[in-house]
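Contents: one structure, followed by commentary.
The values are calculated or read from the model by the stated rules, or taken from the named source; none is laboratory data. These numbers were taken from a predicted model, which means no experiment stands behind them. Because the Cβ atoms are built from the backbone with ideal geometry, glycine has one as well, and the counts that use them run over all protein chains shown. We work out accessible area using only protein heavy atoms, side chains counted, and drop any ligands, DNA or RNA first. Shrake-Rupley method; radii C 1.70, N 1.55, O 1.52, S 1.80 Å.
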Amino acid sequence: MSKHPTTTLLALASTFATALLASAPAEDSTYLLTSFRDNGDGLHLAYSHDAKDWTDLDTIYLTPEVGSGLMRDPHILRGPDGYYHAVWTSGWSDLGIGYAKSQDLRNWSPQRFLPLMQNLPGAKLCWAPEIYFDEKNHCYQIVWSSAIDHETKDIPEFLAYYSTTTDFETFSAPKILFNPGISNIDTTIIKQDESYYAIYKETDDQENKAYGAIRVAKAKQLRGPYQQLPTPILAGEQAEGPTVVNTGDEILVLFDYYVNHRYGARASKDWMQWAPTAYDVAVPEGQRHGSIFSVPSALAQSLLAEAASAAPAPALQGEFTADPAIRAFGDKYYIYPTSDRPYWNTKEFAVWSSPNLVDWKKENVFLDLRKDVSWANNKAWAPDCIEYKGKYYFYFCGEHNIGVAVSDSPTGPFKDALGRPLVDNEKIKTFSIDPFAFIDDDDQPYLYFGNGTPTVYRLNEDMVSFDGDPVEFPLRDFREGIAVFKRNGKYYFMWSIDDARSPDYRVGWGVSDSPYGPVVSPENEEDFIVLRQNGAAQGTAHHSIVNVPGTDRWYVAYHRHAVPGGGGYKRETCIARMEFDEDGNILPIDPMQPAFQAGDRGEPITLAK
């Protein structure tokens, strides 16, 4: 069919030349990643600021209605007309694809079925469509994979085809985009400098366990001709559905390990050498073949705000944090959290401060294992900080050991006090993580810690050595995360139960007459568990406690799975009020009830004169 360029397309083509594909976003842009679940339930979106660590928005933005009623392999392009154009696989054997457009990714035009292969003899299917804007020819180009029984064996069964349009009403006859001499699917294209790179998947021979490579071909024009580059991105593995992005630092290709239900990635700076990025890339659970595109950050933030409204806002905003240690020093409150990274690969510690428990500010990163500690480089987890005789002692995890650093200020800089672990995991029964420091009324300090077996050391006055052997004591259903405080002459113990990745990660408690136990907990489960999942707030545990100085008002800082898209590796710090009954029992805490309402002044600290 003939093409009919419009005046609008001509005028805006140069402005939107970079909209052809996912390239490094401007400072005011955010990456989005499309997806579907199961067999094709609809359009899912995840967001990322670096194209590696992705967070699901937990919303279906478009439910399929055309073709066979599926939505698989969704691809979105923001065109020069200002619309987001979406195309998708509408069925396993459909001879066309689904299409809709939107200006805000929420409200979509009526869906249409585009019968791109309907008139091509022998066509069997239309899979994994993608849409690009061809600035040279001022039209949209749709690329997809089809299987056709050809009369000649010179043409493989599965190849990438393309068609062009200016109005999504009339389309050019489909043509083969590229024939590498072997069947292939899932073509995706990116432009870098003045060249186009088509990434595609060679089809698998499942019966013979011959798994096709993910390869790349290069051209000077979007329509080709393409020449295959010699080095595959990935070979000999059961992976498909590549999507590509230029982050500015590297070319990043993500792909779906469709049998193992996980994602992988390879990165390159020259299109020839490809390196794995296993620990840097994290996609939402259930992620399936999708594509990356960028949107204005204001749009991404509005989508996130809508999804996050399902639960009260976290106390620490702007990044994912967990295992918060909350303290009151002087006239401020401080939180020392774990800074969540994919698969718990955190390497540094930061501190946040607040004058009132409402308004929180990130102060600085004050300890980086890679630079400031000689015995650990990773797994910077679950710290605590305490003031003792004018010094601040920071107890922290590093590669499953516990260290201690010292500073004259609660915000650092902190210096590793020993040059070695304070608690060596190889020399202790419990898994030595989650330190918590407690100073009794007689000025005697203690260090609690452990995963599996609750353990405590009596600290010497120097706070960096121990007075005697460790003491183990039982806690009901204990997993990790001990916190201890004293009220009305009683020692209160609180701890986390279950795994941090579980939605039912929760907090139990008990009391004792001694800092070493025994600890007595309520018999009834409803009295024993004081913090537990409710509604959108899940994984609510690993907490700490702060008393408003000079009062009997108490608060807990805890983490939950991020809302939206959270889990055990992606959490956020929240604050809740903790109250007691007349007998001193801790009352249940509802994570769906915010500690403060909008406009509250919070809890400013009034220092005694």
Look at the range 298-328 and say how many of its residues are part of a helix (DSSP H, G or I) and more than 19 Å from A562 (Cα to Cα).
2
Of the residues in the range 571-602, those that are crowded, with 22+ Cβ neighbours inside 10 Å and not aliphatic (A, V, I, L, M) number 5
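I need a count of the residues in the range 349-359 that are touching a strand residue (DSSP E or B) at 6+ places or on another chain (Cβ under 7 Å) and open to solvent by 20 Å² or more (accessible area, probe 1.4 Å).
Pass one, the range 349-359, residues touching a strand residue (DSSP E or B) at 6+ places or on another chain (Cβ under 7 Å): 349-355, 357.
The next check asks that each one be open to solvent by 20 Å² or more (accessible area, probe 1.4 Å); those that pass are 355.
Count: 1.
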I'd like to verify a number: residues in the range 387-418 that are open to solvent by less than 20 Å² (accessible area, probe 1.4 Å), among the β-branched types (V, I, T) and without any contact (Cβ under 8 Å) to a residue 60 or more places away in the chain, how many?
1
All-but-one check, A541 against (1) in contact (Cβ under 8 Å) with a residue 60 or more places away in the chain; (2) open to solvent by 30 Å² or more (accessible area, probe 1.4 Å); (3) under 21 Å from the mean Cα position of the chain (by Cα), failing number (2)
Please identify the pairs in which a residue from the range 173-184 that is farther than 7 Å from A160 by Cα has its Cβ atom under 9 Å from the Cβ atom of a residue that is open to solvent by 60 Å² or more (accessible area, probe 1.4 Å) and in a strand (DSSP E or B), counting only partners at least 6 apart or on another chain.
P180/Q228; G181/Q228
When you check D58 against the structure, is it surrounded by fewer than 22 Cβ atoms within 10 Å (Cβ to Cβ) and not in a loop (DSSP other than H, G, I, E, B), yes or no?
yes
Return the only residue of A595, A576 being aliphatic (A, V, I, L, M), at pLDDT 95 or above and more than 19 Å from D504 (Cβ to Cβ).
A595
Hits in the range 168-210 (condition: aromatic (F, W, Y) and either surrounded by fewer than 19 Cβ atoms within 10 Å (Cβ to Cβ) or under 24 Å from A100 (Cβ atoms) (or both)):
F168, F171
Every residue from the range 68-90 that is buried (at least 23 other Cβ atoms within 10 Å of the Cβ) and in a loop (DSSP other than H, G, I, E, B)
S90
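Open to solvent by less than 60 Å² (accessible area, probe 1.4 Å) and under 27 Å from the mean Cα position of the chain (by Cα), is that true of V546? First the steps, then the outcome.
Details: open to solvent by less than 60 Å² (accessible area, probe 1.4 Å): yes; under 27 Å from the mean Cα position of the chain (by Cα): no.
Here the answer is no, as V546 does not meet what is asked.
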Any residue in the range 259-270 that is open to solvent by less than 40 Å² (accessible area, probe 1.4 Å), in a loop (DSSP other than H, G, I, E, B) and not hydroxyl-bearing (S, T, Y)?
no
How do the pairs read when you match residues in the range 308-323 that are in contact (Cβ under 8 Å) with a residue 24 or more places away in the chain with residues anywhere that are of a type in the set (G, A, S) and open to solvent by 50 Å² or more (accessible area, probe 1.4 Å), using Cβ under 8 Å and keeping only pairs 6 or more apart or on different chains?
A310/G535; A311/G535
Hey, could you check the range 436-479 for residues that are aromatic (F, W, Y) and more than 32 Å from the chain's Cα centre (by Cα) and say which is nearest to I326 (Cα to Cα)?
F438
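Restricting attention to the range 511-532, report how many residues are touching a residue at least 12 places away in the same chain (Cβ under 8 Å) and in a loop (DSSP other than H, G, I, E, B). Steps first, please.
Filtering the range 511-532 down to residues touching a residue at least 12 places away in the same chain (Cβ under 8 Å) leaves 511-519, 521-522, 526-532.
Those left that are additionally in a loop (DSSP other than H, G, I, E, B): 513-519, 521-522, 532.
Residues meeting the conditions: 10.
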Answer yes if at least one residue in the range 453-460 is in a loop (DSSP other than H, G, I, E, B), of a type outside the set (V, I, T) and under 16 Å from D384 (Cα atoms), and no otherwise.
no
When residues of the range 476-506 are filtered for being open to solvent by 20 Å² or more (accessible area, probe 1.4 Å), assigned to a loop (DSSP other than H, G, I, E, B) and either modelled with pLDDT under 95 or not polar (S, T, N, Q) (or both), how many remain?
10
I need a count of the residues in the range 115-145 that are of a type in the set (A, V, I, L, M), open to solvent by less than 10 Å² (accessible area, probe 1.4 Å) and either closer than 19 Å to R78 by Cβ or not in a strand (DSSP E or B) (or both).
4
Flagged in the range 309-325 as open to solvent by 10 Å² or more (accessible area, probe 1.4 Å) and under 11 Å from W381 (Cα atoms), in numbering order, are D323
